[in-house]
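Participant: Attaching a single structure in structure tokens format; questions to follow.
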Amino acid sequence: MVKDAAIPRWPADAPPVRSLLFVPGGRPDRFEKARASGADAVIFDLEDSVLESGKAEARRNVARGLVAPRGGNGPLAVVRINPVSTRHWRNDLRAVVRRGLDAVMLPKAAEAEEVKAVDRLIGQLERDRRIKRGTVQLFLLVETPGAILHLESLILASRRVTLLAFGPEDLSLATGAMPSPDAREMFYGRSLTVIAASAYGCQAVDGVYMRFRDTRGLAREAERARRFGFTGKLVVHPAQIVPVHRIFSPTEKELEWAQAVLKLADDMAARGVGAAGMEGQLVDAPVIGRARRMLAAARKIGVG
């Protein structure tokens, strides 16, 4: 039941997020380097990269790290908290929901009630700390079988949900899938994530490519993700940012094509026709819409 898709959740004037760089919450010495890496967003991680014995210290590190202003052109500040199934998530939120936080990333959610619980506590903390209501966005990691089955209800559980991030590693672990070079075993999950995000005006980003020194493999996976409709990718190393930005940005050739399509569209409107040919391709309303979207995205990220 797509009942509120007409209202975009991702801010209309905000550029798409192409790269989201993880930095361990237990490594505050890496925070400034991550901020200066050129990533569109930095995810301060309190979950997988932090041992159980280090959770409290990592929480304090991230809380102190969020005090630093990011500035108008700095990366979004995101914190991945621990799952609602753990004893840590409430303390995570109490530590990090403050001015300077743009979004909370919720891992391993499978039921709408988990999203609602996080939403309620964020709202309470915003009120208590005099932060404008709705300031903190919620990014959902789609990495469990339950998330795949309940994506719509997860999104509808909170108006804070603005971005879905596909998590192939945990999903493969949960399902017993054996990763293949072309990742075909994850096609359904990827497609469903993009479709659900599109239906509700959210961004959709692909999961991490773990072999951070394999630039060719990263490029192949990022190109495939872009064809699926993802606008960006989670990254685990600063060296992955430049190739990811290149692949998730329109090329000069693509921009020339889009401009030619819109020029033809003006001519079609003047002639009162709804379709025409261009270099052997039929140009009609969906093609024109794709060209407009490409040019709009390029303007937002400063390309072209």
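The values are calculated or read from the model by the stated rules, or taken from the named source; none is laboratory data. No experiment lies behind these values; they were computed from the predicted model shown. Because the Cβ atoms are built from the backbone with ideal geometry, glycine has one as well, and the counts that use them run over all protein chains shown.
Participant: Kindly indicate whether any position in segment 83-103 is in contact with a Pro (Cβ under 7 Å, 6 or more places away or on another chain), modelled with pLDDT of 95 or more and outside any loop (DSSP other than H, G, I, E, B).
Facilitator: Yes, segment 83-103 contains at least one residue that is in contact with a Pro (Cβ under 7 Å, 6 or more places away or on another chain), modelled with pLDDT of 95 or more and outside any loop (DSSP other than H, G, I, E, B).
Participant: Return yes or no: is V50 within 27 Å of I195 (Cβ to Cβ) and modelled with pLDDT of 95 or more? Steps first, please.
Facilitator: Values: within 27 Å of I195 (Cβ to Cβ): no; modelled with pLDDT of 95 or more: yes.
No, not satisfied.
Participant: Limited to segment 17-36, what total is found for residues that are in contact with a strand residue (DSSP E or B) (Cβ under 6 Å, 6 or more places away or on another chain) and in a loop (DSSP other than H, G, I, E, B)?
Facilitator: Matching residues across segment 17-36 total 3.
Participant: Of all strands (runs of 3 or more DSSP E) completely enclosed by segment 212-304, which ones contain at least 3 residues that are more than 25 Å from the chain's Cα centre (by Cα)?
Facilitator: Working: elements: 232-235, 276-278, 281-283.
Hits in segment 212-304: 276-278, 281-283.
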